[in-house]
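Report on one structure; see the data block that follows.
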Amino acid sequence: MAEKLLQPPDMIEQILSSLPGAILIINQDRQVEYANPLAEQHFGSEGARLVGSLVDNVLPLTESRWNLLMGEVKAFTAGAGKRQPDGEFEVQKRVYQYRLFPVNGRDSEEQQTGIVIWEITEQKQLQDRLIQAEKLASLGSLVSGMAHEINNPVHGILGMAEIIVEEKDPERIKEYATDIVGFAKHVATVVSDMALYIRPATHDGEVEIDLGERLGEALKMVRRNPRFGHVEVVTEFQPVPRLRARRTEIDQVFVNLISNAVQAMDGKGRLTLATRHQGNTITAQVSDTGCGIPKALLNKIFDPFFTTKDPGKGTGLGLSIAYNIVGKYGGTIRVESEEGRGATFTIQFQAGNH
Ligand SMILES: Nc1ncnc2c1ncn2[C@@H]1O[C@H](COP(=O)(O)OP(=O)(O)O)[C@@H](O)[C@H]1O
Ligand SMILES: [Mg+2]
């Protein structure tokens, strides 16, 4: 017995209502013309239906973002845009992803736009937890460097404090006290660098970041590890426009890349850190003269948990997290390498990424 197939628009209506995402169709004035039940449930307020209201009440996006998105939809319709415009927004601590797609209006003059919205709060939380796990994993090697760098000044402080107890000459006492203050300040800086690094990225906001400065700070952190050995460091920092991002996330990207480079060189070689600015593109680069990456592995190294290191030395999360963080700010990361001849990781962002 053949069941009667549902005919559009019933069929479409049924499909739209059973999808696990919210769907809105808006007109050129950004007025909602259609909302599926899930959209009403998630974003509608009691007594006020979504249909007829402005979509600005649903998606908290700025005017300039809307204009950009609408432009992208037009380009996509014309076949010029490479991918459907999308993005993320947050409402009441819940994170949503949205994607826009063109819909042909009843008469071809009137262009409608569809928006599909789905929740990614849990995915985000999982990502944040992974970021935190990798931070804690790399903390092991950072801490051994930190202990070393704290130990020296602490011994200095102790020694001078002991002398002060016996010393009668007020001038000498003053000199020692000044040194003690210097040493203590250094210890405080080391500790606060580390504290900032392990802070979960969720707890800090986006600020204007200088990539050269962050590369330098990441280097300082990794350099404290005795395993840094006799690696020579070359810096080629060109002035670059600032990038809007979370500092602890960018620091983690650079700490990961520099740690990998140092591990690949095993205590000897040359580490080159560079920033460049060309047209609208900001580039940050980390190169080493280490063991390099075999061709067959080049497309695997960004996969989560992919590692060639012994257990306890590598989690295989460093590059996949770097990839996610860079992608989040609209950037790209790529690698060039030849086995035995070192590796170069290049990160690029568009200036004015927000
Ligand atoms: N600079 C580099 N030189 C050589 N190999 C590298 C370099 N950076 C990354 N790799 C390779 O990519 C793999 C994945 O790196 P990553 O995601 O940071 O994880 P992990 O460092 O924990 O192994 C490494 O195990 C290593 O094989
Ligand atoms: Mg790593």
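Matching residues to (1) farther than 15 Å from Ala322 by Cα; (2) touching a His at 6+ places or on another chain (Cβ under 8 Å); (3) within 11 Å of ligand 2 (Cβ to nearest atom); (4) among the acidic types (Asp, Glu):
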{"position": "Val255", "(1), (2), (3), (4)": "no, no, yes, no"}
{"position": "Ser259", "(1), (2), (3), (4)": "no, no, yes, no"}
{"position": "Val262", "(1), (2), (3), (4)": "yes, no, yes, no"}
{"position": "Leu271", "(1), (2), (3), (4)": "yes, no, no, no"}
{"position": "Arg276", "(1), (2), (3), (4)": "yes, no, no, no"}
{"position": "Gly279", "(1), (2), (3), (4)": "yes, no, no, no"}
{"position": "Ala284", "(1), (2), (3), (4)": "no, no, no, no"}
{"position": "Lys300", "(1), (2), (3), (4)": "no, no, no, no"}
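Taking region 286-298 as the range and being hydrophobic (A, V, I, L, M, F, W, C) and either away from ligand 2 (no atom under 16 Å from the Cβ) or within 13 Å of Val234 (Cβ to Cβ) (or both) as the test, the residues that pass are Val286, Ala296. Inspection of region 240-253 finds no residue satisfying the criterion of being within 28 Å of Ala195 (Cβ to Cβ) and within 8 Å of ligand 1 (Cβ to nearest atom). In summary, strands (runs of 3 or more DSSP E) completely within region 17-119 and bearing 2 or more residues that are in contact with a Pro (Cβ under 8 Å, 6 or more places away or on another chain) and surrounded by fewer than 18 Cβ atoms within 10 Å (Cβ to Cβ) occur at 86-91, 111-119. Please work out if Asp169 is modelled with pLDDT of 90 or more and surrounded by fewer than 17 Cβ atoms within 10 Å (Cβ to Cβ). Here the answer is yes, as Asp169 does meet what is asked.
One residue is enough: does region 202-216 have a residue meeting the conditions closer than 30 Å to Asp128 by Cβ, modelled with pLDDT under 85 and crowded, with 18+ Cβ neighbours inside 10 Å? No: region 202-216 contains no residue that is closer than 30 Å to Asp128 by Cβ, modelled with pLDDT under 85 and crowded, with 18+ Cβ neighbours inside 10 Å. Exactly one residue out of Ala264, Ala274 is at pLDDT 95 or above, within 7 Å of ligand 1 (Cβ to nearest atom) and surrounded by 13 or more Cβ atoms within 10 Å (Cβ to Cβ), and it is Ala264. The residue that is surrounded by the fewest Cβ atoms within 10 Å (Cβ to Cβ), among those in region 277-293 that are more than 9 Å from ligand 1 (Cβ to nearest atom) and touching a residue at least 40 places away in the same chain (Cβ under 8 Å), is Asn280. Considering region 309-329, the residues that are assigned to a loop (DSSP other than H, G, I, E, B) and modelled with pLDDT of 90 or more include one that is nearest to ligand 1 (Cβ to nearest atom), namely Lys309. Of all residue pairs spaced 6 or more apart or on separate chains, those with beta-carbon atoms under 7 Å, a first member in region 308-324 that is within 13 Å of Gln132 (Cβ to Cβ) and touching a residue at least 60 places away in the same chain (Cβ under 8 Å) and a second member that is within 6 Å of ligand 1 (Cβ to nearest atom) and part of a loop (DSSP other than H, G, I, E, B) are Thr315/Thr307.
The values are calculated or read from the model by the stated rules, or taken from the named source; none is laboratory data. Since this is a predicted model, take the numbers as computed values, not measurements. Because the Cβ atoms are built from the backbone with ideal geometry, glycine has one as well, and the counts that use them run over all protein chains shown.
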